[in-house]
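Reading through the C-alpha cells given below for one structure.
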Amino acid sequence: MNAPYLSGLVLTGRRVVVVGGGGVAQRRLPRLLETGAQIDLISPVITPTIEGLLTNPDLRWVERGYAEGDLDGAWYVVVATDDAAVNDQVSAEAESRRIFCVRSDDRSAATAWTPASGQHDQVTIGVLGGGDHRRSAAVRDAILEELREGALGARDSLAKQPGVYLVGGGPGDPDLITVRGRRLLAEADVVVADRLAPQQLLEELHPEVELIDAAKLPRGRSAMQEEINRILVDRALQGKVVVRLKGGDPYVFGRGFEEALACAEAGVAWSVVPGITSSIAVPAVAGIPVTHRGVTHEFTVVSGHIPPGHQDSLINWEALAQLRGTLVLLMAVENLPVIAATLIAHGKDPATPAAAIADGTLPGQHQVTSTLAEIADAMSAAGVGAPAIVVVGNVVEVATGMAAAAGVAPGEVVGEDQFVGHEADHRS
C-alpha cells in the first residue's frame with residue numbers, strides 16, 4: 001500500500017457523520033467537536049460519556065441504526081460500530097459518494113486514517129505509524145512532551161511575548177511544576193529564582209539565559225524585594241521574557257502580587273502561572289490528606305514567620321484554636337514552640353495529632369509524627385528543621401492509621417492492589 005497523504009481538514013460548519021456510539025466514537029468525538037464541525041452521531045445506544053457531550057450544540061444524536069442516505073451532505077465519515085456488515089455498508093456508500101471514510105475495524109478498507117494526534121500552543125501533531133497504533137501514540141506523546149517542556153522549538157517560537165511571568169515552581173520536585181511553567185523556562189531570556197524554587201530545573205536552562213539568584217540579593221526583606229522588583233521591570237523593559245520562579249504558588253506567601261503591582265505601576269506586561277502549593281502537596285506526598293470525609297470540613301493555611309503576640313502579627317490565634325479542622329503551618333519551625341503553646345492556651349487539645357515534613361517531595365524528605373504539645377521537641381530530637389510543613393489535626397491520625405493497616409510507612413508509595421477495598425469510597 002502506498003503511503004497516505006497527510007492533510008489538515010477544515011471541518012468548521014461542515015457536516016460530519018459518526019456511525020456507532022461506543023468507545024471508539026467516544027475517543028474521536030472530542031477532537032471532532034474542537035474543529036467546529038456539525039456532527040450527526042447515528043447509533044441506537046451511546047455511552048454515558050457521549051451522553052454528557054450532547055450539551056454541545058454541534059453534536060446531534062440520531063437514536064437509531066444506520067440507514068441508506070444518512071451520508072447526504074457529509075464531508076467526512078467515521079465508522080465505529082462492532083458490526084462488520086454495517087461498517088461495510090457505510091464505507092461502500094461513502095466510496096460511491098466520494099466522501100473520505102475512517103473505519104475503526106479495518107484500515108485497509110478505509111479511505112482515511114485517523115492519526116495519533118495532540119495539540120499544544122496552536123501546534124497540532126498528527127502521527128501515522130503504518131498501522132502500529134502504539135508506536136504512533138508513543139511518538140506523538142514524545143513530541144508533545146518536548147513541546148510542552150520547551151525542549152522543542154521554544155526559544156525560536158514566534159509566539160514569545162516579552163514581559164514578566166510569575167511562575168509557581170511547586171513544592172520542590174521538578175516534575176511537579178506545571179506544563180506552562182516549564183515551557184516558559186525554556187523560552188526565558190532572564191530567570192529570577194527563589195531559594196525554594198526547584199533547583200534542578202535551573203540546570204536545564206539555555207546557556208544564554210541570565211540567571212539571577214534572588215537569595216543572593218541584598219539582605220533584608222524590604223531591600224531584597226525592592227531589588228527584585230527593579231530587576232523584573234528593568235529586564236522586561238529591555239524587551240525580554242522574564243520568568244520569576246518561586247517555590248509553591250506565587251500568591252501563597254510568595255510576595256507574588258507585590259511583584260505584579262510593581263510591574264503594573266511600571267507599565268510592564270505580566271501574568272501569573274499558578275503553582276502547586278506546598279501547603280497541600282507536601283502533606284499529600286507524605287501520606288496526609290488535609291481533608292477527609294467525616295474527619296474535617298475545612299483546612300486553614302497559616303504563616304508562622306511572625307510569632308503570636310508580635311505587634312506585626314495579623315493572625316487571630318485564639319480563633320484558630322477553636323477550629324476543628326486541619327491547620328497547616330508554613331514557615332513556622334522557629335516559632336513552633338510558642339505557636340503550639342498559644343494554641344493550647346486558647347483551648348486547643350494538647351493531644352491533637354501533629355506532623356512535620358521537611359524537604360517535602362525531594363529525595364531527602366523526612367518527617368516526624370507527634371502531638372501538638374510535643375511536636376516541636378519531636379522535631380528537634382529527630383533533626384527535622386526548616387524548610388518544613390507542620391500539619392495539626394485529626395487527619396494526621398487517620399493517615400498514620402491507614403498506613404499502618406496497609407503495612408507501609410507514612411508517605412510510602414503503595415501498590416494499587418493494596419487499595420482495591422477503598423475503590424467505592426474513592427468514586428463516591
So which residues in region 1-20 are in contact (Cβ under 8 Å) with a residue 40 or more places away in the chain and open to solvent by less than 90 Å² (accessible area, probe 1.4 Å), if there are any at all?
PRO4, GLY8, LEU11, ARG14, ARG15, VAL16, VAL17, VAL18, VAL19, GLY20
Check region 301-319 and report whether any residue there is free of Cβ contacts under 8 Å to residues at least 60 places away in the same chain, open to solvent by 30 Å² or more (accessible area, probe 1.4 Å), within 23 Å of the chain's Cα centre (by Cα) and farther than 30 Å from LYS160 by Cβ.
yes
When you scan region 385-400, how many residues do you find that are open to solvent by 10 Å² or more (accessible area, probe 1.4 Å), β-branched (Val, Ile, Thr) and not in a strand (DSSP E or B)?
2
Considering only region 270-281, I want to know if a residue exists there that is over 19 Å from the mean Cα position of the chain (by Cα) and open to solvent by 70 Å² or more (accessible area, probe 1.4 Å).
yes
Would you please name the residue that is farthest from ILE228 (Cα to Cα), looking only at residues in region 154-171 that are open to solvent by 10 Å² or more (accessible area, probe 1.4 Å) and modelled with pLDDT of 90 or more?
PRO171
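Give the residues of region 249-270 that are among the small types (Gly, Ala, Ser), modelled with pLDDT of 95 or more and touching a strand residue (DSSP E or B) at 6+ places or on another chain (Cβ under 6 Å), sorted by residue number.
The initial filter retains those residues of region 249-270 that are among the small types (Gly, Ala, Ser), namely 254, 256, 260, 262, 264, 266-267, 269.
Still in the list and also modelled with pLDDT of 95 or more: 260, 262, 264, 266-267, 269.
Once the filter is applied, which keeps residues that are among the small types (Gly, Ala, Ser), modelled with pLDDT of 95 or more and touching a strand residue (DSSP E or B) at 6+ places or on another chain (Cβ under 6 Å), region 249-270 yields ALA260, ALA269.
Do you know which of the residues in region 268-293 that are in a loop (DSSP other than H, G, I, E, B) and polar (S, T, N, Q) is nearest to ARG183 (Cα to Cα)? Give the steps one after another, and end with the answer.
At the first step, the residues of region 268-293 found to be in a loop (DSSP other than H, G, I, E, B) are 268-269, 274-277, 286-291, 293.
Then drop every residue that is not polar (S, T, N, Q), which leaves 277, 291.
Working: THR277: 19, THR291: 32 Å.
Looking at the filtered set, the residue picked out is THR277.
Hey, does region 111-124 have a residue that's out of contact with any helix residue (DSSP H, G or I) (no Cβ under 9 Å at 6 or more places or on another chain) and in a helix (DSSP H, G or I)?
Residues of region 111-124 that are out of contact with any helix residue (DSSP H, G or I) (no Cβ under 9 Å at 6 or more places or on another chain), as a first pass: 112, 122, 124.
Subsequent filtering for residues that are in a helix (DSSP H, G or I) retains none.
So far as region 111-124 goes, no, none of its residues is out of contact with any helix residue (DSSP H, G or I) (no Cβ under 9 Å at 6 or more places or on another chain) and in a helix (DSSP H, G or I).
Identify all residues within region 183-213 that are in a helix (DSSP H, G or I) and either at pLDDT 90 or above or touching a strand residue (DSSP E or B) at 6+ places or on another chain (Cβ under 7 Å) (or both); write none if there are none.
Going through region 183-213, the residues in a helix (DSSP H, G or I) turn out to be 183-187, 199-202.
LEU184, LEU185, GLU187, LEU202 - these are the residues of region 183-213 that are in a helix (DSSP H, G or I) and either at pLDDT 90 or above or touching a strand residue (DSSP E or B) at 6+ places or on another chain (Cβ under 7 Å) (or both).
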Go through GLY118, GLY126 for me and flag whichever is open to solvent by less than 50 Å² (accessible area, probe 1.4 Å), in contact (Cβ under 8 Å) with a residue 40 or more places away in the chain and either of a type in the set (Val, Ile, Thr) or more than 30 Å from ARG64 (Cβ to Cβ) (or both).
GLY126
Any hit, region 345-358, residues being open to solvent by less than 50 Å² (accessible area, probe 1.4 Å) and touching an Asp or Glu at 6+ places or on another chain (Cβ under 7 Å)
yes
If THR342 satisfies every condition in (1) buried (at least 17 other Cβ atoms within 10 Å of the Cβ); (2) closer than 22 Å to THR400 by Cβ but one, which is the exception?
(2)
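The values are calculated or read from the model by the stated rules, or taken from the named source; none is laboratory data. In this text the structure is predicted, and so the values were computed from the model without any measurement. All Cβ positions, glycine included, derive from the backbone under ideal geometry; neighbour counts span all protein chains shown. Note: areas computed on protein heavy atoms with side chains; ligands, DNA, RNA excluded. Shrake-Rupley method; radii C 1.70, N 1.55, O 1.52, S 1.80 Å.
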